[in-house]
Amino acid sequence: MRRHIQPAAIAALAICFTLLSIVGQVVIDNPMSTARDAAIAVALKDGRILAIGGKDAAGNALDTAEYLGAGSALVSKLASPRTGHIAVTLNDGRVLIAGGRNAQGAIVNTTEIFDPIAESFSLASSSMLEARAGATATLLEDGRVFIAGGEGPSGVLASTEIFEIGRAHV
């Protein structure tokens, strides 16, 4: 029996095969220990992947993180539940987690640091200038983090900021 494949499916397959040819392999591994929607996954300097926060099946913001892959396991608890946050691996191997929505759904400007050696989260010494959810973040060569857009308490943001542990800049 011959089946018709939709053009969108063909495009998605082409993207997958392109990625496979770049990556070179596919690893199907253990599922996460916690179902997560809207979580952020970051690659750590040692090659592990860390899934942070997100929402559970009931839509509740999660305050946990776990390593993905063989033997997926919960790592630690965040200072507060987050969904729609950003996460960036810093030059020193720690991970900056910023913004998003808290357990009550409020958009926040708080930041946390994950230390992969201690496998723990702690509140960062500074917050973003604006509360943001759904923003984008890029690590700059000098170690600062460029943060752009997202949604703020009053709507979609056009603003950007450069975040540095210890202080934030417009």
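Please treat every number below as a calculation from the coordinates, not as lab data. If you're wondering where the values come from, they're calculated on a predicted model, not measured in any experiment. Neighbour counts run over all protein chains shown; Cβ positions are idealised from the backbone, glycine included.
A few notes on this one:
- Tensor-based shape of segment 67-113 (alpha-carbon gyration tensor, a/c under 1.5 rounded, otherwise prolate or oblate): oblate
- Beta-bridge orientation, segment 122-170: approximately 100 percent antiparallel, per DSSP, counting only bridges with both partners inside.
- In sequence order, calculated HN-Hα J values of segment 140-150 (Karplus, 6.51, -1.76, 1.60; Hz; x Gly/Pro): 8, 4, 7, x, 7, 10, 8, 10, 9, x, x
- Taking Cα centre as origin and charging only the Cβ of basic (Lys, Arg, +1) and acidic (Asp, Glu, -1) residues, the dipole magnitude of segment 109-170 rounds to 180 debye.
- DSSP-loop GluC sites (Glu not before Pro) across segment 106-136, with at most 16 other Cβ within 10 angstrom: Glu119
- Under 5 Å from the amide H of Thr64 lie the amide H atoms of Gly53, Leu78, each residue being 5 or more positions distant or on a separate chain, with H modelled from the backbone and absent for Pro and chain starts.
- Ranked from largest, the principal axis spans of the Cα set of segment 57-168 equal 41, 38, 23 Å.
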